[in-house]
Amino acid sequence: MLERAGFEVDLASNGNEGIDLFRKSPSDLVITDIIMPEKEGLETIREMKRMQPQLKIIAMSGGGEISAEHYLEMAKIFGASRIIEKPFTQKTMVSTVKELMGDTAEKNFPFPGNDKNPGLEKEKS
């Protein structure tokens, strides 16, 4: 989805992979699902914000054991800059990324999640 909007995509299939990638190549924006294997999104948000407090994070959820609304409110408390409830449109995600990043170019956008989700995003120059 973000590739079509001019972003280069890399994938982290879960929160642990996303954290590892973030440590190797810090980013300005992270897009994360809340429900993920190994390390879920709330833990991922908290850990990344500890490493880089100014980090912008988009959290998304379709719910699980509790409603998406509750997960997303918790994500805001943990430091998410924006929240998006699934399902969402391509336009919603792209406009949210552009809103948070402004005119910034050549930034990495890690997106830990499952295989159904897009991956790490990097704006093309």
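The values are calculated or read from the model by the stated rules, or taken from the named source; none is laboratory data. In this text, all values refer to a predicted model and were calculated from it rather than measured experimentally. Note: ideal-geometry Cβ built from the backbone for every residue, glycine included; neighbour counts use all protein chains shown.
Things worth noting here:
- Within the range 78-125, tally of residues that are more than 22 Å from S25 (Cα to Cα), modelled with pLDDT of 90 or more and in a loop (DSSP other than H, G, I, E, B): 4
- Qualifying residue in the range 7-21 (condition: modelled with pLDDT of 85 or more, charged (D, E, K, R) and out of contact with any Ser or Thr (no Cβ under 8 Å at 6 or more places or on another chain)): yes
- Among the candidates M36, M1, M48, the residue that is buried (at least 18 other Cβ atoms within 10 Å of the Cβ), out of contact with any Ser or Thr (no Cβ under 6 Å at 6 or more places or on another chain) and closer than 21 Å to K86 by Cα is uniquely M36.
- For I66, the criteria (1) in a loop (DSSP other than H, G, I, E, B); (2) hydrophobic (A, V, I, L, M, F, W, C); (3) at pLDDT 90 or above hold in every case but one, which is (3).
- Tabulated pairs, the range 77-103, first of a type in the set (D, E, K, R), second surrounded by 14 or more Cβ atoms within 10 Å (Cβ to Cβ) and part of a helix (DSSP H, G or I), C-beta under 7 angstrom, 6+ apart or interchain: R82/T96; R82/L100; E85/A68; E85/L72; K86/A68
- All told, G79 meets the bar of being in contact with a strand residue (DSSP E or B) (Cβ under 9 Å, 6 or more places away or on another chain) and on the phi > 0 side of the Ramachandran plot.
- Test: E17 is assigned to a loop (DSSP other than H, G, I, E, B) and either more than 17 Å from A75 (Cα to Cα) or of a type in the set (D, E, K, R) (or both): no
- Filter result for I45 (in a helix (DSSP H, G or I), under 11 Å from the mean Cα position of the chain (by Cα) and at pLDDT 95 or above): yes
- Qualifying residue in the range 8-29 (condition: closer than 18 Å to E99 by Cβ, under 14 Å from the mean Cα position of the chain (by Cα) and crowded, with 19+ Cβ neighbours inside 10 Å): yes
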